[in-house]
Structure formats: structure tokens, C-alpha cells
Amino acid sequence: MAALSETAASLRIFGQDLDPDEITNLLGKAPDVAERRGQVIRNLKSGTERTARRGRWGIHVERRSPGDLDAQIAALLDGTTEDLAVWQRVTSAYDADIFCGLFLEEKKEGLCVGPATLKKLGDRGLRLDLDIYAP
């Protein structure tokens with residue numbers, strides 16, 4: 001089986017009453033994306049505006065080709081707290097996941113997520129959400 005062509009990954013946390021500053025303080029890492037419910041968000045490219053329906057805090061890492069989710073997840077968690085009680089507090093109060101895009105160029109490609117990575121996600125209460133894009 002061929003290695004997965006490309007992967008994208010982000011750490012996302014959502015919640016109606018989510019305060020991005022609180023999440024930053026708890027996790028110890030600044031987000032790439034932060035929104036509060038009710039905040040007006042302007043799209044710089046199109047100029048359109050929308051109102052955030054819920055709070056959002058997120059970190060993104062660069063795509064990898066060939067895919068390497070273990071390295072991307074490690075980069076997402078790098079610099080965040082190691083205190084699992086803090087993570088459990090966050091993930092029990094909010095909807096939190098590692099969102100991954102898996103981009104295939106062939107009909108049959110694959111990748112492996114190692115046990116150490118899976119343990120880190122489980123210990124923190126993070127779901128692994130995979131979107132698969134076929135050729």
C-alpha cells in the first residue's frame with residue numbers, strides 16, 4: 001500500500017460560552033483562530049461578514065506530503081500544557097478534536113497513527129476526526 005499523499009491537521013475547540021482567552025490561559029498556547037459567540041467576523045478575501053454562532057479556538061499546522069499525522073499532532077500539542085486535569089476540564093466542557101484531512105492520489109493509500117499519539121489524544125479527551133478525500 002502506498003503512503004498517504006497528503007495530510008492536514010488542526011486542533012479545534014468549540015462551545016457556546018467558549019472564551020478563547022480562557023482556553024489560551026488554560027492550555028498555554030495562543031490560537032491561530034479565535035472567536036466568541038456573537039462576534040462579527042469579516043472575511044478579508046471576500047469582504048463578507050458573519051456573526052459567530054459559537055465560540056471557537058483553533059491551531060493549524062502545515063500540510064504534510066507525504067502524510068504524517070503523528071508529526072502533525074505532535075506539533076499541534078507542542079507547547080500546550082501537559083496537565084491532563086486541565087485538558088479533561090477543557091474537553092469535558094467543550095467540543096474538542098483533532099481534525100484531519102486525508103488527501104489521496106491513488107485508490108489505495110494508507111497511514112498509521114502510532115500508539116503514543118493515540119494515547120496522548122485519549123489522555124486529553126480529544127477525538128480524532130478524519131475527512132478522506134479520494135482522487
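Here, each number is a calculation from the coordinates, and none is a lab measurement. As the structure is a prediction and not an experimental result, all values here were calculated from the model. Every residue, glycine among them, receives a Cβ derived from its backbone with ideal geometry; neighbour counts consider all protein chains shown.
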Top of THR48, THR24, THR91 by mean-square fluctuation, Gaussian network on the chain, Cα under 10 Å: THR48
Binned Cα-Cα distances of the chain, short to long, each 10 Å bin given as a whole percent: 12, 38, 31, 17, 2
Electrostatic dipole magnitude of the chain [Cβ: Lys, Arg +1; Asp, Glu -1; Cα centre; debye, to 20]: 380
Calculated over region 86-127: convex hull of Cα atoms, volume per residue (Å³): 68
Order by protection proxy (mean Cβ within 10 Å, highest first), peptides 96-104, 126-134: 96-104, 126-134
Hits among lysines - C-alpha to C-alpha of LYS29 under 26 Å, sequence gap 8 or more where chains match: LYS119, LYS120
Peptide ranges 114-125, 58-69 listed from the most packed, as the mean C-beta count within 10 angstrom indicates: 58-69, 114-125
